[in-house]
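Only the coordinates and a few stated rules stand behind these numbers; no lab work does. Just so we're clear, the structure is a prediction, and the values are computed from it rather than from any experiment. Here the Cβ positions follow ideal geometry from the backbone for every residue, glycine too, while neighbour counts run over all protein chains shown.
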Number of protein chains: 2
Amino acid sequence: MAKDIKISLLLDFYGSMLTEKQRRIVEYYYNDDLSLSEIAENEGITRQGVRDFVKRAEGQLLEMERKLGLARKFREMMDGFQKIEEAADRIREYNRHYIYAREIDESAKQILEITQKLCE
Amino acid sequence: MAKDIKISLLLDFYGSMLTEKQRRIVEYYYNDDLSLSEIAENEGITRQGVRDFVKRAEGQLLEMERKLGLARKFREMMDGFQKIEEAADRIREYNRHYIYAREIDESAKQILEITQKLCE
């Protein structure tokens with residue numbers, strides 16, 4: 001498990017495997033940046049109770065990523081799409097300035113449409 | 001949950017979330033195409049026991065895909081990479097025959113390298 005994969009990313013990814021209450025609490029904590037005390041007040045449980053919820057959920061998310069590794073794989077793909085987009089832009093740009101080949105422009109445009117659709 | 005997503009695909013994807021024994025039995029059944037009786041003999045349990053293992057594991061795999069939808073998303077990405085590759089091949093081909101622009105060939109080659117690396 002890479003240290004640079006953040007809990008909030010794992011939460012986007014695997015959050016639907018948590019219970020509704022776990023997910024709500026962890027989202028308050030990681031996405032909305034509420035304090036343990038604020039969450040405790042919202043949920044009507046103790047501050048320590050909130051801490052336990054968060055720790056347990058973190059453990060589950062990290063364990064899922066350790067076993068499945070899908071968040072890392074997805075991020076690699078997103079980085080790949082980004083680089084593909086840049087290369088397709090360079091092709092279009094060069095083609096537009098120096099060549100004007102319709103065939104090349106259309107294929108490069110198709111590449112951009114695919115990456116944009118998949119990265120939505 | 002789309003009907004066309006097959007159990008063996010889900011097994012590749014989420015198999016590491018099953019217990020070792022579950023996974024072994026389901027792999028015998030789906031990947032190695034052994035019969036329930038053959039698996040029962042290998043594992044020293046009843047044929048009905050094997051059936052229960054398989055049914056329960058199927059349920060877990062389908063439930064994970066229902067909640068996470070990652071197998072479908074990955075497959076869409078793989079299809080996307082395939083189409084990107086075809087478009088990059090067309091660009092190189094056209095460029096090689098009619099234009100000979102080094103800039104275009106290099107960018108198209110980069111696209112192909114990225115898709116090949118990510119689809120390994």
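The C-alpha atoms of chain B define a longest principal axis, and helix B:47-68 lies at about 40 degrees to it. Between copies, the label points of residue A:48, set 7 Å from Cα on the Cα→Cβ line, lie 4.8 nm apart, reported in increasing order to one decimal in nanometres. Taking 0.36 nm per residue of separation and subtracting the current Cα-Cα distance, fully stretching the chain between residue B:42 and residue B:12 would add 8.6 nm. Loop-located chymotrypsin sites (Phe, Trp or Tyr not before Pro) across the stretch A:65-120 with a Cβ neighbour count of 15 or fewer within 10 Å are A:100, with loop assigned by DSSP. Each other copy holds its own label point for residue A:86; taking that point as 7 Å from Cα along Cα to Cβ, the gaps run 2.8 nm, nearest first.
Every pair of different Cα atoms in the stretch A:74-119 enters the Kirkwood calculation, which places the hydrodynamic radius at 10.9 Å. Treating each Cα of the protein assembly as shown as an identical point scatterer and summing with the Debye formula, the log10 of I(q)/I(0) at q = 0.16 Å⁻¹ comes to -1.07. Neighbouring Cβ atoms from other chains, within 10 Å of the Cβ of residues in A:27-39, number 0 on average. Applying 1/(1 + (r/R0)^6) with R0 = 30 Å to the Cβ-Cβ distance of residue A:100 and residue B:120 gives a FRET efficiency near 0.25.
For the stretch A:5-99, trypsin sites (Lys or Arg not before Pro) meeting the loop criterion (DSSP other than H, G, I, E, B) and having at most 16 other Cβ atoms within 10 Å: A:6.
Over the stretch B:45-98, the ratio between the Cα radius of gyration and 2.2 N^0.38 Å evaluates to 2.11. Using a 7 Å projection from Cα along Cα-to-Cβ, the label point at residue A:32 is separated from the same position in the remaining copies by 5.0 nm, smallest value first.
The C-alpha atoms of chain B occupy a region whose extents along the principal axes are 68, 28, 21 Å, arranged from largest to smallest. For the stretch A:35-76, the equivalent ellipsoid built from the Cα gyration tensor has semi-axes of 29, 10, 6 Å, listed from largest to smallest. Over all directions, average the projected area of the Cα convex hull of the stretch B:1-69 and note it in nm². Spelled out: convex hull of the Cα atoms, projected over all directions, averaged, 4.3 nm².
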